[in-house]
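Below is one structure; the comments refer to it alone.
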Amino acid sequence: MSALPYDPQRLHELAGELIANVRELAQLGWTPATSSNFSSRLDERHAAITVSGRDKGRLVEDDIMVVDFDGRAVGSDHRPSAETLLHTQLYRRFPDVGCILHTHSHNQTVASRIFSRSVRLKGYELLKAFRGNETHEAAIELPVLPNSQDMPTLAAKVEGLLDRGPLWGYLIQGHGLYAWGRDMAEARRHLDAFEFLLGCELDLRRITTVH
Ligand SMILES: CSCCC(=O)C(=O)COP(=O)(O)O
Ligand SMILES: [Zn+2]
């Protein structure tokens, strides 16, 4: 019997899944210079999350720790991601959120500086990648929040966005993208779709500016 308030076998499995996926994202160049953070829901009170400051391209099991939904480390002396509150607020609010991915890709960072308030994604077949979106005819607003080092301030702004309707992710200015889903596969699909569509929007801007 484990004295831990979570299932260590489940943590081991989730850590393996996180490590494999984060390595792929790092290979794509979406996690430069120790940036980015990642988590998976462990149970109704705990999440597995990356330790702060670790090189996301070289993650090992020791780089994944457990926090409760108040952001407190559980069974670890490591410091959880500086952005833990942006993860736990989603787990608290949405019992069906199972995985949260935060990356700092080039496209995400440039887009977050060019577009103010939100990026309107419209007219793309790939919009159907977002859960619940059945048609390319719908439009999705990807909000852009001002960056802040004060996580409660950022989290309060995110709460305001979540109050307005369904959301699959948001950008933070000059910083990066948060995307989530019911599990790793869905969160990856949303992250990949946002990345692709932001690349398209940036290309369209370039083409429109040149001609
Ligand atoms: C060097 S990137 C600055 C912090 C950041 O934005 C990030 O995503 C990584 O922070 P963490 O504490 O999760 O390593
Ligand atoms: Zn970040």
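The values are calculated or read from the model by the stated rules, or taken from the named source; none is laboratory data. Fair warning: this is a prediction, and the values are worked out from it, not measured in the lab. So basically every Cβ, Gly included, is an ideal-geometry build from the backbone, and we count neighbours across all protein chains shown. Note: accessible area is taken over every heavy atom of the protein model, side chains too, but ligands, DNA and RNA are not part of it. Shrake-Rupley method; radii C 1.70, N 1.55, O 1.52, S 1.80 Å.
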Under a Cβ-Cβ cut-off of 12 Å, what is the net charge of the residues other than Arg188 that fall near it, where Lys and Arg count +1 and Asp and Glu count -1? -4
Would you work out the relative contact order for the range 55-162, in percent, from Cα pairs under 8 angstrom that are 6 or more residues apart? 18
Counting Lys and Arg as +1 and Asp and Glu as -1, what is the net charge of the other residues whose Cβ lies under 13 Å from the Cβ of Val51? -2
Hey, what D do you get for the range 53-92 in µm²/s if you plug the Kirkwood alpha-carbon radius into Stokes-Einstein at 10 °C and 1.306 mPa s? 146
Three principal axis lengths of the range 1-106 [C-alpha, angstrom, descending]: 41, 28, 22
Distance between the C-alpha centers of the range 86-136 and the range 62-80? Whole Å please. 25
Computed over the chain, the relative contact order (Cα-Cα under 8 Å, seq sep at least six) in percent reads 18
The equivalent-ellipsoid semi-axes of the range 8-210, taken as the square roots of five times the Cα gyration tensor eigenvalues and listed largest first in whole Å, are 27, 18, 16
Top of Leu11, Leu142, Leu161 by mean-square fluctuation, Gaussian network on the chain, Cα under 10 Å: Leu161
Does the range 93-208 come out rounded, prolate or oblate, given a ≥ b ≥ c as the square roots of the eigenvalues of its C-alpha gyration tensor, rounded meaning a/c under 1.5 and, failing that, prolate meaning a/b above b/c? oblate
Apportionment of accessible area to carbon and sulfur, the chain, percent (1.4 Å): 51
For the range 93-211, what's the relative contact order in percent, using C-alpha pairs closer than 8 Å and at least 6 residues apart? 36
